[in-house]
Amino acid sequence: MISEHFDTRTRINMKLALDRICRNRPGGEDHGFRRSVAEKIVRCALTGRTGLGQLVDAGERAVVRTHFEGEPA
């Protein structure tokens, strides 16, 4: 699916963004965590924002959202 929508440079930037966000984070290798970050990165790229910085920002927003949703009320 990814290769159908994105060129090589965009796919590389998406992978770099995911790795940058997940490394050195508690739970950063957890499949569910990586998936939620990756989904946000893909949505960002689908809107045409494919720069590494833009993709990292989108992934970071997913981390903040995941953290916020995981906290007890």
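How would you order 50-56, 38-44 from highest to lowest mean count of nearby Cβ atoms within 10 Å?
Listed from highest to lowest mean packing, they are 38-44, 50-56.
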Protein accessible area in the chain, 1.4 Å probe - carbon and sulfur %: 53 percent
Surface accessible to a 1.4 Å probe, per residue, for the residues of the chain, Å²: 69 Å²
Förster-model FRET efficiency, 22 Å R0, Arg23 and Arg49, C-beta, rounded to 0.05: 0.50
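Arranged from highest to lowest average of other beta-carbon atoms within 10 Å per residue, in what order do the peptides 5-14, 22-31 appear?
Ranking, from highest mean packing down: 5-14, 22-31.
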Accessible area in the full protein assembly, largest first, 1.4 Å probe, for Arg35, Arg49: Arg35, Arg49
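The values are calculated or read from the model by the stated rules, or taken from the named source; none is laboratory data. Note that this is a predicted model, so its numbers are computed, not measured. FYI the Cβ positions are ideal-geometry reconstructions off the backbone, even for glycines, and counts take in every protein chain you see. Side chains included, ligands, DNA and RNA excluded: accessible areas come from the protein's heavy atoms. Shrake-Rupley method; radii C 1.70, N 1.55, O 1.52, S 1.80 Å.
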